[in-house]
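Quick note: the coordinates plus some simple rules give every number you see, no bench work behind them. In this text the structure is predicted, and so the values were computed from the model without any measurement. Heads up, the Cβs are rebuilt from the backbone with ideal geometry, glycines too, and the neighbour counts pull from every protein chain shown.
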């Protein structure tokens with residue numbers, strides 16, 4: 001099973017970054033605008049439309065306010081398994097570190113998904129740096 005880790009540090013305070021991340025129905029407007037263009041909630045899941053036109057159903061597994069950690073999963077198209085988490089950490093200097101981890105199968109799509117996650121992290125960086 002392939003595992004991908006991505007990390008960024010943003011200027012926003014941890015509370016603001018977590019508030020945007022935990023708002024699972026507003027992914028497209030608060031956390032990664034431009035990377036995601038639409039999000040629709042349904043019981044226990046969100047339907048995400050990406051800028052490239054791909055639509056994915058993501059089951060929301062956990063929203064943990066104590067750990068500031070969001071976990072979701074998705075399957076379909078080329079993915080036979082996908083579980084991801086994003087966690088928000090307060091840094092000593094007042095900035096916020098975001099850690100996004102994805103575990104997936106098949107391993108053969110790890111390079112492609114890693115590139116997609118890079119685009120997502122860039123969009124997240126831009127959005128969260130505006131929340132200072």
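The table below lists the values:
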quantity: Residue 118-residue 40 FRET efficiency (beta carbon distance; Förster radius 22 Å; 0.05 resolution); calculated: 0.30
quantity: Residue 111 paired with residue 65, simple spin-label distance in nm, labels 7 Å along Cα-to-beta-carbon; calculated: 4.4
quantity: Percent of Cα pairs exceeding the 17 Å cut-off, where the set is region 36-110; calculated: 55
quantity: Relative contact order (percent, whole number), the chain, Cα cutoff 8 Å, 6+ residue spacing; calculated: 34
quantity: Rg over Rh, two decimals, the chain (C-alpha only, Kirkwood Rh); calculated: 0.94
quantity: Inter-site label distance for residue 129 and residue 101 at 7 Å from Cα along Cβ, in nm; calculated: 2.7
